[in-house]
Amino acid sequence: MSDIVLHNYYRSSTSHRVRIALEMKGLSYDYVPHHLRHGEHLEPAYLALNPQGLVPTIVWDDGMVLTQSLAIIEFLDETQPEPPLLPKDPPGRARVRMLAQMIACDIHPVNNLRVLTSLRTLFGAGDQDITNWFRHWVNEGFGPLEKILASSPRTGTFCHGEAPGLADICLAAQVTSNARFGVDLTPYPTIARINAACMALPAFQKAAPQNQIDAE
């Protein structure tokens, strides 16, 4: 048993982000799966832990409960500082947060499972409609993200310099989700290059959806 418990779902990109961060920090944790398509995240016991009924939720060793992936990752970075996921300089931290939030706050919220499910149930969207919707919002976000990354001297092997951090975590998790919907990365060579660098690292490989105990 570990002192850290992660409630998550293997295919959730927000859960994926937190798994990457935990692996990068070298932290062991107990993996508790909640199958979103089976409604396990809406069971009373889980709602008592996280009233939003979303994943991920992390329970820390003192019983503290945290939700929201970016808040969890920044908490991990502040309490377990090595390796750092944010630069030391304020401009660098702001840039990394900006890049991360372009994905986590602008692309993901309109493409998560509950939104896609609502498109089906409330508006009668079919499979191709859902795919077109997902691709549209990814392209809306990846277009400017590619321009920023490709044009900045602060971009290195990774989104910011030569070590992966918060922005790379968000980028890699999003690219993984994109694959299910056939998003073409050809227009985004910098994003594709950075993702490849991330996926060559053991922490990113261990955290990948297909390597989790609840993978289907």
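In the set GLY63, GLY53, which member is more than 18 Å from LYS25 (Cα to Cα), outside the structural domain of SER177 (by TED's automatic domain parsing) and out of contact with any helix residue (DSSP H, G or I) (no Cβ under 6 Å at 6 or more places or on another chain)?
Only one candidate qualifies: GLY63.
Among the residues of the stretch 59-77, write down those that are more than 14 Å from the chain's Cα centre (by Cα) and either within 14 Å of ILE20 (Cα to Cα) or surrounded by 11 or more Cβ atoms within 10 Å (Cβ to Cβ) (or both).
VAL59, TRP60, VAL65, LEU66, PHE75, LEU76, ASP77
For the structure I just gave you, tell me whether PHE123 is closer than 23 Å to LYS88 by Cα, in contact with a helix residue (DSSP H, G or I) (Cβ under 9 Å, 6 or more places away or on another chain) and aromatic (Phe, Trp, Tyr). Even if it seems obvious, please write down each step before you answer.
Working: closer than 23 Å to LYS88 by Cα: no; in contact with a helix residue (DSSP H, G or I) (Cβ under 9 Å, 6 or more places away or on another chain): yes; aromatic (Phe, Trp, Tyr): yes.
Here the answer is no, as PHE123 does not meet what is asked.
Any residue that is within 17 Å of the chain's Cα centre (by Cα), in a helix (DSSP H, G or I) and not assigned by TED's automatic domain parsing to the domain that holds HIS35 - is there at least one of those in the stretch 144-161?
Taking every residue of the stretch 144-161 in turn, at least one turns out to be within 17 Å of the chain's Cα centre (by Cα), in a helix (DSSP H, G or I) and not assigned by TED's automatic domain parsing to the domain that holds HIS35.
The values are calculated or read from the model by the stated rules, or taken from the named source; none is laboratory data. The shown structure was predicted, so the numbers you read here are calculated from the model rather than taken from an experiment. Note that each Cβ is placed from the backbone with ideal geometry, even for glycine, and that neighbours are counted across all protein chains shown.
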